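Taking it in order: structure first as structure tokens, then the write-up.
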Amino acid sequence: MSLPSNLHPDEASPPWLNKGDNSWQLTAATLVGLQSVPGLVILYGSIVKKKWAVNSAFMALYAFAAVLICWVGWGYRMSFGDKFIPFLGMPNVSLDAQYLIDRAFLGYLPNATMIYFQFVFAAITLILIAGALLGRMNFLAWMLFVPLWVTFSYTITAYSIWCPGGWLAKRGLIDYSGGYVIHLSSGVAGFTAAYWVGPRTTRDRERFPPNNILLMLAGAGLLWMGWTGFNGGDPYTVSTDASLAVLNTHVCTATSLLTWLILDYIFFGKPSVVGATQGMITGLVCITPAAGVVQGWAAILMGMMSGSIPWYTMMVLHKKVWFLKQVDDTMAVFHTHAVAGSLGGILTGVFAVPKFNRLFYMLTDWQHYIGLFYGFHDGRTTAGFRQLGVQLLGILFVVFVHATMTSIICLLISLVVPLRLSEEALQTGDDAIHGEEAYALWGDGERYESKHNSVYEENARPPSTKGDDDCFKTFWVNLLSRPR
């Protein structure tokens, strides 16, 4: 049977390229990118105090751009390239034209697509770390932290777990879409960096209300919907397993959100919007390592646990454990990502279905990927316990690597620039750091006009507007003195 003319191989579409897979992979990568820009940019900028809105949003935007340059310069090959040492690839540039159009290490895709897809995962990891540091980190220190961390910390776990030659990948660790590489990593690194940077001001720690909850929900919605590409893109093919991963993702997330909401209602008497958003995030994180290898009923059980266990660690345990109380984790990244990611990794070792693992890994030795539950069911308890042991080993490895490397990076940066903002900047916020503020209330648009806003005006007015203030007062005096 002859193929339609549009499916015939040609120079731009070699025989190994699958156009459908490539189209979906580019779409999935863009969905993941939208989770960061504008998703987390909006979420961070609106969930913090007004005085930190610009700084918080810009930390996310900067990280997205900086990671891309590091990624194509050396990071991708360190994560997915030729072996350098047992847990790291050889640093090399990924911009050669011929290399970009050659076939990727997995799937029916060119390297350019794979580089783009893996970049958005690396970028969102750094942006999640930023969530633990909002409201006090020196922006210059953050500018140094991002390239150092993606180079010397992220690449280690990405290579070890996701690269076919990685030592944990060879042991059979199941991390479908980043429960370990992204979420556990960002939770541990964020918590560690928050320790070294130090806390926000006492006033900010005691009261840190969102400046715009509706806008926060818009960012959260982009985060949730973007997870369709986050988990649906990791089989690297348009398959039944990708469809399963997408549906499981949303089922677990909805269950987790409702569970968190019910607990808030029971114990605090009010349905918290911020709390529901946290429950949404823990559900997304928990299902990520298991998305395409568990059944729907398991996704619901995982959602119930991801909506309750991180809720307990955040709302109860955090207030009782001395060490947790010492670290100011602004967005509770430790609970929403490290705890939820670890929980998801462990439950993957319990509920992973052998058949779904075969669909995902497409390997001849897929049989050793089996959850403990199915190990008991199929009479392969040893294999089930082995899988759970590998999942626990992966958690220990990720925690050790990122706690160690993040500490080293923070200490090195502190030798060059302060990690924490000055006390004066901490009191003022955005205006002291960037010379800009998020919202122009009456008169603020003039007081805080940026010099960059008037670049095309030959005779731009100076920002001080005493005359405008006088006009404002005269207007109200005249209005109130009018006869009724």
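Among the helices (runs of 4 or more DSSP H) confined to region 322-437, the ones with at least 1 residues that are among the acidic types (Asp, Glu) and open to solvent by less than 70 Å² (accessible area, probe 1.4 Å) are located at 430-434.
Among the criteria (1) free of Cβ contacts under 8 Å to residues at least 24 places away in the same chain; (2) in contact with a helix residue (DSSP H, G or I) (Cβ under 9 Å, 6 or more places away or on another chain), the one LEU3 does not fulfil is (2).
Within this structure, TRP297 passes the test of being in a helix (DSSP H, G or I), hydrophobic (A, V, I, L, M, F, W, C) and without any contact (Cβ under 8 Å) to a residue 40 or more places away in the chain.
If I filter region 160-171 for residues that are open to solvent by 40 Å² or more (accessible area, probe 1.4 Å), farther than 30 Å from ALA299 by Cα and not in a loop (DSSP other than H, G, I, E, B), do I get at least one hit? There is no residue in region 160-171 that is open to solvent by 40 Å² or more (accessible area, probe 1.4 Å), farther than 30 Å from ALA299 by Cα and not in a loop (DSSP other than H, G, I, E, B). Evaluating ASP175 against the criteria (1) assigned to a helix (DSSP H, G or I); (2) out of contact with any strand residue (DSSP E or B) (no Cβ under 9 Å at 6 or more places or on another chain) leaves one unmet condition, (1).
Considering GLY45, GLY81, GLY89, the condition of being over 22 Å from the mean Cα position of the chain (by Cα) and crowded, with 22+ Cβ neighbours inside 10 Å is satisfied by GLY89 alone.
Within region 267-289, if we keep just the residues that are open to solvent by 50 Å² or more (accessible area, probe 1.4 Å) and not aliphatic (A, V, I, L, M), the residue that is nearest to THR125 (Cα to Cα) turns out to be PRO271.
Take the conditions (1) open to solvent by 10 Å² or more (accessible area, probe 1.4 Å); (2) over 18 Å from the mean Cα position of the chain (by Cα); (3) under 29 Å from TRP16 (Cβ atoms); (4) not polar (S, T, N, Q); MET114 misses just one of them, which is (1). GLY292 meets all of the listed conditions (1) part of a helix (DSSP H, G or I); (2) at pLDDT below 95; (3) crowded, with 22+ Cβ neighbours inside 10 Å but one, namely (1). Within region 356-365, is there a residue that is in contact with a Gly (Cβ under 7 Å, 6 or more places away or on another chain), on the phi < 0 side of the Ramachandran plot and at pLDDT 90 or above? Looking for residues that are in contact with a Gly (Cβ under 7 Å, 6 or more places away or on another chain), on the phi < 0 side of the Ramachandran plot and at pLDDT 90 or above, one finds none in region 356-365, hence no. Pick out the one residue from ALA218, ALA242, ALA189 that is open to solvent by 30 Å² or more (accessible area, probe 1.4 Å), small (Gly, Ala, Ser) and on the phi < 0 side of the Ramachandran plot. None of the other options fit; the residue is ALA218.
Does ILE182 satisfy being within 18 Å of GLY345 (Cα to Cα), in contact with a helix residue (DSSP H, G or I) (Cβ under 9 Å, 6 or more places away or on another chain) and in a helix (DSSP H, G or I)? Yes: the conditions hold for ILE182. Taking the numbered list (1) surrounded by fewer than 24 Cβ atoms within 10 Å (Cβ to Cβ); (2) over 19 Å from the mean Cα position of the chain (by Cα); (3) in contact (Cβ under 8 Å) with a residue 24 or more places away in the chain in turn, TRP224 passes all entries but (2). Each residue in region 192-215 was checked for being surrounded by fewer than 21 Cβ atoms within 10 Å (Cβ to Cβ), of a type in the set (Ser, Thr, Tyr) and assigned to a helix (DSSP H, G or I), and 2 of them qualify. Among the residues here, ALA169 qualifies as under 26 Å from SER306 (Cα atoms) and free of Cβ contacts under 8 Å to residues at least 40 places away in the same chain. Scanning region 58-72 for residues that are in contact with a helix residue (DSSP H, G or I) (Cβ under 7 Å, 6 or more places away or on another chain), under 14 Å from LEU34 (Cα atoms) and open to solvent by 50 Å² or more (accessible area, probe 1.4 Å) returns a single hit, LEU61.
Kindly indicate whether MET137 is open to solvent by 10 Å² or more (accessible area, probe 1.4 Å) and within 30 Å of ARG200 (Cα to Cα). Against the criterion (open to solvent by 10 Å² or more (accessible area, probe 1.4 Å) and within 30 Å of ARG200 (Cα to Cα)), MET137 does not qualify. Filtering LEU148, LEU106, LEU168, LEU126 for residues that are over 24 Å from GLY233 (Cβ atoms) and under 24 Å from the mean Cα position of the chain (by Cα) leaves a single hit, LEU148. If I filter region 252-274 for residues that are within 19 Å of VAL181 (Cα to Cα) and hydrophobic (A, V, I, L, M, F, W, C), do I get at least one hit? The answer is no, given that none of the residues of region 252-274 is within 19 Å of VAL181 (Cα to Cα) and hydrophobic (A, V, I, L, M, F, W, C). If you go through region 4-34 and keep only what is over 15 Å from LEU222 (Cα atoms) and part of a helix (DSSP H, G or I), you end up with SER5, ASN6, LEU7, LYS19, GLY20, ASP21, ASN22, SER23, TRP24, GLN25, LEU26.
Helices (runs of 4 or more DSSP H) fully within region 35-126 that include at least 3 residues being in contact (Cβ under 8 Å) with a residue 24 or more places away in the chain: 41-47, 53-70, 76-80.
The values are calculated or read from the model by the stated rules, or taken from the named source; none is laboratory data. Note that this is a predicted model, so its numbers are computed, not measured. For neighbour counting, all protein chains shown are included, and Cβ atoms are generated from backbone atoms with ideal geometry for every residue, glycine included. Please note that ligands, DNA and RNA were not included when accessible areas were found on the heavy atoms of the full protein model with its side chains. Shrake-Rupley method; radii C 1.70, N 1.55, O 1.52, S 1.80 Å.
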